[in-house]
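Worksheet: the structure to be examined is printed underneath.
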Amino acid sequence: MRLGDDQYCVRMPQGERPSLLRRRLALGLAKLRRQAGMEIEDVRAALGMSRAKLYRIESPDSAITVSIPDVIALCHVYGASAHVQAQLVEMARHRDGWWTAYQSGLTGWFVDYVMLEAEASEFFEFAIDAVPGLLQTEDYAREVIAAWTPEADASAIDARVAARMERQRRLTDGLAVTAVVDEYALVRPTGSSKQMRGQLERLLDLAKQPNVKLHVLPTTSGAHAALTSPFNMLHFRNMPPIVYVDTLSGGLYVDDERDVERYEAVADQLLTRSLSAAKSRKLIERCLEDLRA
């Protein structure tokens, strides 16, 4: 069963809409009911839930919390497999976390992403013009965020930088990270020479961690399937993978199975064309030497 048949481009502020996971849960439960050949009235009779509650549970626009016992009961009535039930239960879990302290500095659509990243077990990123956020130093992150959001005031930039640094705790939690970084990101001046040196040194340090695989896509690799299209791919233990694409006006979430498979194929192509981990470190070291010269 494919729980995610839709792509979401989320731009509204957090608090005015349900989370991405809540919408996926609603769509998944509604799809299960239809596959079971049941109407709302059939479910009401079987479980004693009110029609209003069932309609709200299945509405992707409803922000009400769906309890885990209700999800399990519905899955039982619909005859869902243990695997599908585990996916839906995972989506229903309450997900307040460290990010709530930074919501004033985070756009609503990115809070969704941070919540998903906190649950991910594996992470892939292809970055073109900047070092991936999870691998950035604080100084480098500040330069990137200030350039990306020129309308933001100093306090908002501080909050976003702090949130990015907090996200990096996942690296010490064992999150498996594979990053393909275009060579241009290593030579594009971002901040002062000192800041760039610090960023390259940070990459070399992270590349030594067993859960971080860092590959550089050299400029000599030529055209490829992801030209001008950086993206992140999140894998989970109990949910289908999700692809996230940053845009100037919001975040695009891709979870259609066929589309995700396309991104997976592109990720494999990028890894094939990239330098090995050892050769990538050598290239970063050469870039660092050039800055020190």
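Odds and ends about this structure:
- Within the option set ALA45, ALA63, being hydrophobic (A, V, I, L, M, F, W, C), closer than 25 Å to GLY250 by Cβ and out of contact with any strand residue (DSSP E or B) (no Cβ under 6 Å at 6 or more places or on another chain) holds for one residue only, ALA63.
- The combined condition, being at pLDDT 75 or above, hydroxyl-bearing (Ser, Thr, Tyr) and touching a Lys or Arg at 6+ places or on another chain (Cβ under 6 Å), is not fulfilled by SER81.
- Within segment 161-196, the set of residues being without any contact (Cβ under 8 Å) to a residue 12 or more places away in the chain and of a type in the set (Gly, Ala, Ser) comprises SER192 only.
- Every listed requirement among (1) open to solvent by less than 20 Å² (accessible area, probe 1.4 Å); (2) modelled with pLDDT of 80 or more; (3) not in a helix (DSSP H, G or I) is met by PRO60 save one, (1).
- Scanning segment 101-141 for residues that are modelled with pLDDT of 90 or more, open to solvent by 20 Å² or more (accessible area, probe 1.4 Å) and closer than 16 Å to GLU166 by Cβ yields THR137, GLU138.
- The residues in segment 173-217 that are part of a helix (DSSP H, G or I) and farther than 20 Å from THR272 by Cα can be counted, and the count is 15.
- Check on ASN232, of a type outside the set (Lys, Arg), modelled with pLDDT under 95 and within 30 Å of LEU25 (Cβ to Cβ): no
- Checked against (1) within 28 Å of GLU257 (Cβ to Cβ); (2) open to solvent by 40 Å² or more (accessible area, probe 1.4 Å); (3) touching a residue at least 40 places away in the same chain (Cβ under 8 Å), GLN85 meets all criteria but (3).
- Any pair with Cβ under 8 angstrom, 6 or more apart, that starts in segment 197-217 at a residue that is within 16 Å of PHE124 (Cβ to Cβ) and ends at one that is of a type in the set (D, E, K, R) and surrounded by fewer than 15 Cβ atoms within 10 Å (Cβ to Cβ): VAL216/LYS279
- Selection count, segment 152-175, where residues are of a type in the set (Gly, Ala, Ser) and open to solvent by less than 40 Å² (accessible area, probe 1.4 Å): 5
The values are calculated or read from the model by the stated rules, or taken from the named source; none is laboratory data. Note that this is a predicted model, so its numbers are computed, not measured. Note that each Cβ is placed from the backbone with ideal geometry, even for glycine, and that neighbours are counted across all protein chains shown. Side chains are part of the model used for accessible areas, which takes the heavy atoms of the whole protein and leaves out ligands, DNA and RNA. Shrake-Rupley method; radii C 1.70, N 1.55, O 1.52, S 1.80 Å.
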